[in-house]
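Just below is one structure, and these are the notes that go with it.
The values are calculated or read from the model by the stated rules, or taken from the named source; none is laboratory data. Only a predicted model underlies this, so the values are computations on that prediction, with no experimental measurement involved. Ideal geometry is used to build each Cβ from the backbone, glycine not excepted, and the neighbour counts take in all protein chains shown. The area values use the complete protein model at the heavy-atom level, side chains included, leaving out ligands, DNA and RNA. Shrake-Rupley method; radii C 1.70, N 1.55, O 1.52, S 1.80 Å.
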Amino acid sequence: MELNVLNINGQQTGRKVTLNDAVFGIEPNDHVIYLAVKQYLANQRQGTAKSRERSEMSGSTRKLIRQKGGGGARRGDINSPLLRGGGRVFGPKPRDYSFKLNQKVKVLARKSALTYKARENAIVAVEDFTIDTPRTKEFLSIAKNLQVDGKKVLVVLPEDNKNVYLSTRNLKNAVVMGASSINTYKVLDADVLVIAESSFPKIEETLIKK
């Protein structure tokens, strides 16, 4: 599959990039995509939820009523989970939600996600570009020229570019990543991928060598 390379004005440069079938043309594996997305979302969880148990409450430990003869249930101190304001039984504790995935599984998931985008014609190839001064307005102009404005866009650059990143930082529908840092979740979450020309070899190098 070939894509025409556009410039930031949305015009064809006369060059084309060929999508490597080993990355953009495999048979997608939905299960590994599920695992990769699940791992990504799990890694985003802080896991800091915490409730106090009976032993951690600061109330008095005085026994409220006598053990027998009161006609009611036995009751201990005011920190009892049965009473309002008492400790919680089996409440949440801080934990780590992250889990391990084999490298080959994660690579296959990224290839599968990229293949889906290629099948949907949701990849735009653009010549390498930069922004001299961080300006959101300038990035929005580029997006409009590429006809991706109003869509959720993942911009893939050959390497990290601070000015381009800062130009998109306050846009909820635009994410900028380096070619070696793309992940399955971000690829699937975007409506369209805008990939810089020099990023294609780096993506292939990252995913084929594994």
ask   = Would it be correct to say that Ile131 is modelled with pLDDT under 95, surrounded by 14 or more Cβ atoms within 10 Å (Cβ to Cβ) and within 27 Å of Leu3 (Cβ to Cβ)?
value = yes
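Please verify whether Asn183 is over 24 Å from Lys16 (Cα atoms), touching a residue at least 40 places away in the same chain (Cβ under 8 Å), surrounded by 16 or more Cβ atoms within 10 Å (Cβ to Cβ) and among the polar types (S, T, N, Q), treating the condition exactly as stated. Steps first, please.
Working: over 24 Å from Lys16 (Cα atoms): yes; touching a residue at least 40 places away in the same chain (Cβ under 8 Å): yes; surrounded by 16 or more Cβ atoms within 10 Å (Cβ to Cβ): yes; among the polar types (S, T, N, Q): yes.
The answer is yes for Asn183.
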Single unsatisfied condition, Tyr34 versus (1) open to solvent by less than 80 Å² (accessible area, probe 1.4 Å); (2) under 19 Å from the mean Cα position of the chain (by Cα); (3) of a type in the set (Ser, Thr, Tyr) = (1)
task = Kindly list the number of the only condition in (1) assigned to a loop (DSSP other than H, G, I, E, B); (2) free of Cβ contacts under 8 Å to residues at least 60 places away in the same chain; (3) under 20 Å from Thr18 (Cα atoms) that fails for Phe129.
result = (2)
query = Name the residues in region 84-106 that are open to solvent by 80 Å² or more (accessible area, probe 1.4 Å) and of a type in the set (D, E, K, R), would you?
reply = Arg84, Arg88, Lys93, Arg95, Asp96, Lys100, Lys104
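Suppose we keep only residues that are of a type in the set (A, V, I, L, M) and outside any helix (DSSP H, G or I) within region 1-30. Which one would you say is farthest from Leu146 (Cα to Cα)? Give the derivation first.
Step one: filter region 1-30 for residues of a type in the set (A, V, I, L, M), giving 1, 3, 5-6, 8, 17, 19, 22-23, 26.
Then drop every residue that is not outside any helix (DSSP H, G or I), which leaves 1, 3, 5-6, 8, 17, 19, 26.
On the way: Met1: 20, Leu3: 14, Val5: 11, Leu6: 8, Ile8: 7, Val17: 17, Leu19: 19, Ile26: 27 Å.
By that ranking, first place goes to Ile26.
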request  = Being polar (S, T, N, Q), over 30 Å from Ser112 (Cβ atoms) and open to solvent by 100 Å² or more (accessible area, probe 1.4 Å) narrows it down to one of Ser58, Ser80, so name that one.
outcome  = Ser58
ask   = Does region 90-101 contain at least one residue that is in a loop (DSSP other than H, G, I, E, B) and within 30 Å of Asn121 (Cα to Cα)?
value = yes
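Per-residue answers, yes or no, for (1) surrounded by 15 or more Cβ atoms within 10 Å (Cβ to Cβ); (2) without any contact (Cβ under 8 Å) to a residue 60 or more places away in the chain; (3) farther than 25 Å from Gly14 by Cα:
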{"residue": "Leu108", "(1), (2), (3)": "yes, no, yes"}
{"residue": "Arg119", "(1), (2), (3)": "no, yes, no"}
{"residue": "Ala125", "(1), (2), (3)": "yes, no, no"}
{"residue": "Gln147", "(1), (2), (3)": "no, no, no"}
{"residue": "Asn161", "(1), (2), (3)": "yes, yes, yes"}
{"residue": "Ala179", "(1), (2), (3)": "yes, yes, no"}
request  = Answer yes or no: is there a residue in region 164-175 that is free of Cβ contacts under 8 Å to residues at least 24 places away in the same chain, touching an Asp or Glu at 6+ places or on another chain (Cβ under 9 Å) and surrounded by fewer than 17 Cβ atoms within 10 Å (Cβ to Cβ).
outcome  = yes
